[in-house]
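Heads up: the structure comes next, in structure tokens.
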Amino acid sequence: MEKKLYPLGTIIYLKEGTQKIMVVGRGVVYQDEETQSEVFVDYMGCSYPEGIDPNQTIFFNEENIDQVVHEGFSDEEEQRFVKVYEEWESDITIPKKKIN
């Protein structure tokens, strides 16, 4: 199955999750508290419908998604972003965080 980069605003359920999550960021690089090193993940999300709470940021990858409830808005700028993202992801030297 080919990887799909979901647009901002997409609402999903994570595997074994009971709370809807809204995608608010993609290709997020951050300092991992466990390893104290920079890592990246496919997505950053927030609880839906509550919205962004800086203390409750949810990081996840494509393989953690169980169900897409609603796909966010996509236009020609989104399509361009996906192309640039794919290039960025193929060149990045920062490790991708594995999330269970």
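The values are calculated or read from the model by the stated rules, or taken from the named source; none is laboratory data. Since this is a predicted model, take the numbers as computed values, not measurements. Here the Cβ positions follow ideal geometry from the backbone for every residue, glycine too, while neighbour counts run over all protein chains shown.
A few comments on the model shown:
- Residues of the range 1-24 satisfying the condition of being farther than 14 Å from Glu71 by Cα and either among the hydrophobic types (A, V, I, L, M, F, W, C) or under 11 Å from the mean Cα position of the chain (by Cα) (or both): Met1, Leu14
- Test for Glu50: is it out of contact with any strand residue (DSSP E or B) (no Cβ under 7 Å at 6 or more places or on another chain), surrounded by 10 or more Cβ atoms within 10 Å (Cβ to Cβ), among the acidic types (Asp, Glu) and in contact (Cβ under 8 Å) with a residue 12 or more places away in the chain: no
- Among the residues of the range 53-85, those identified as part of a helix (DSSP H, G or I) and surrounded by fewer than 13 Cβ atoms within 10 Å (Cβ to Cβ) are Pro54, Asn55, Gln56, Glu63, Glu76, Glu77, Gln79, Arg80, Lys83, Val84.
- Residue under evaluation Pro7, criteria (1) farther than 18 Å from Arg80 by Cα; (2) in contact with a Ser or Thr (Cβ under 6 Å, 6 or more places away or on another chain), criterion not met: (1)
- Among the criteria (1) modelled with pLDDT of 90 or more; (2) in contact with a helix residue (DSSP H, G or I) (Cβ under 9 Å, 6 or more places away or on another chain), the one Tyr48 does not fulfil is (2).
- Candidate set from the range 25-47 (those that are of a type in the set (Gly, Ala, Ser) and surrounded by 13 or more Cβ atoms within 10 Å (Cβ to Cβ)); member that is nearest to Ile65 (Cα to Cα): Gly45
- Some residue of the range 2-14 being part of a strand (DSSP E or B), without any contact (Cβ under 8 Å) to a residue 60 or more places away in the chain, surrounded by fewer than 14 Cβ atoms within 10 Å (Cβ to Cβ) and not basic (Lys, Arg): no
- For the range 15-52, the candidate set comprises residues that are acidic (Asp, Glu) and part of a strand (DSSP E or B); within that set, the residue that is nearest to Thr93 (Cα to Cα) is Glu38.
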